[in-house]
Amino acid sequence: MNKLLTIMSFVACLLFAGCSDDEPDHEANLFSLAVQLEGEGELAMGIHDCEIIVPGNQQYISIDIIGDYDCFRVTAVPDIGMVTSGDKRIKILLTNNLGETSQTGTLEFTVYKGKSWNKGTVTVTQRALSSTKPDEPEELPDKYRFKLVKAGLTPFMYDDFRVPAPFDNLAFQIRDYLDRYNPFGFPEFVQSYDSIVWSAEGMPNTVRIYERKTGDSSSEEHFTAQWSSHFFTPGSMKSYLKGYYDGKVIYSDSIRIDRYERDFLCFDWTKGSICIDNPRNMGVYCLLDKSREYSVMDTREINGTRYSEIHARNNKSLPDGEYLSISREVLVKLMRENIGEGVSAKNKIQSFNCVPEGVEGELFWENKTTRILLLHELPSDTSLEEYYLLIEAK
């Protein structure tokens, strides 16, 4: 433990060395958190804090500190796992918890910009490995079993695509063991559970499809039979519905969620529709990643070039000035996940046909069919300052 503290103190000092020499004298809202789990787990997210509960097996936890600031300093490390840090990211490696009980630790850090500061905490609870193995489903009567089912696809701009892509909307249902869907009331199978939770591999958040809370003099119960979500990247992931009783998984079902990229994300420049008048902004959210949301403009065309825009949505209702740098971060993160690191837009912007006036190009990406610019729209009498992505067909 002393060795770990020494390593973290050294890393933190390196990070802090780049900060201003001014003594911080006031607190400000400088950052938000985005957490990524390598495996399964549950998260309760705040803007500057997070509580994480994970099973007892080994996994990495990645914590991105998103915002416009000079540096951050780790002030306390959890006494479980191994902590490393880099540019705007902290990683915790949890090894198998072979003990008999859960273990909990807290990471504390402070973010600095000039004379302002902002503190953050991440509390991690890892269950004992022996307690994470669910009971065999065969021990549960059929009437208490359930199924996780894909229930529909709504492609971008309601086009007639049969295979889902990133940013398309996917619907899911929970059904009984006979594959019956009941959208009203509480089906019989929920009686065995305190909660039923939807999750997926590598996703930072979970969704409680069913929950029952009982107090001294009252009880509360809610159930969702169908729900929908978008996803931000192509690929394949395993998704789970897990039924909990007394803190343990007693039954689960799973499916694979596959998303296939078109020309880029949801855009198909040949088969996709074009909006001629009154373009809409479609909200894009992921129930399993609540750290960010986007809005996508309907595809339009200028002088034979099809194009669209992707904007970041202020889903945490932060003041515009504070959200500006965060919006840039989440747009760059989207591009990093789907194409890679951007390059300078200098000498690239002239290759685009649909760049409006009053903007500056900052970063550039491309693939075989598509070119993308990160644009900085400057404030004016008719528009607020913002960042967004311009997407053009080649």
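No lab work stands behind these numbers, since they all come straight from the coordinates. Keep in mind that what you see is a predicted model, and the values were worked out from it rather than measured. Don't worry about glycine lacking a Cβ; one is built from the backbone with ideal geometry, like all the others, and counts go over all protein chains shown.
Numbers below:
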{"quantity": "Estimated FRET transfer efficiency when R0 is 30 angstrom, pair Tyr245-Lys150 (beta carbons, to 0.05)", "calculated": "0.70"}
{"quantity": "Added length on full extension, which subtracts the Cα-Cα distance from 0.36 nm per residue, Phe186 to Thr382", "calculated": "65.5 nm"}
{"quantity": "Distance from region 321-384 to region 75-126 (C-alpha centre basis), Å", "calculated": "33"}
{"quantity": "Normalised contact order of region 201-287, rounded percent, pairs of Cα under 8 Å and 6 or more residues apart", "calculated": "27"}
{"quantity": "Rounded, prolate or oblate (a/c below 1.5 giving rounded, otherwise prolate when a/b exceeds b/c) for region 83-215 by Cα gyration tensor", "calculated": "oblate"}
{"quantity": "Anisotropy class of region 325-394 from Cα gyration tensor, a/c 1.5 cut", "calculated": "oblate"}
{"quantity": "Shape call, the chain: gyration tensor on alpha carbons, a/c limit 1.5", "calculated": "oblate"}
{"quantity": "Linear extension gain, Leu98 paired with Ile302, 0.36 nm per residue minus alpha-carbon span", "calculated": "67.3 nm"}
{"quantity": "Efficiency of FRET between Asp277 and Thr121 - r from beta-carbon atoms, R0 41 angstrom, step 0.05", "calculated": "0.25"}
{"quantity": "Average Cα contact separation per residue, the chain, under 8 Å, 6 or more apart, as relative contact order %", "calculated": "12"}
{"quantity": "Calculated FRET value between Ile349 and Asp68, using beta carbons and R₀ = 30 Å, to 0.05", "calculated": "0.80"}
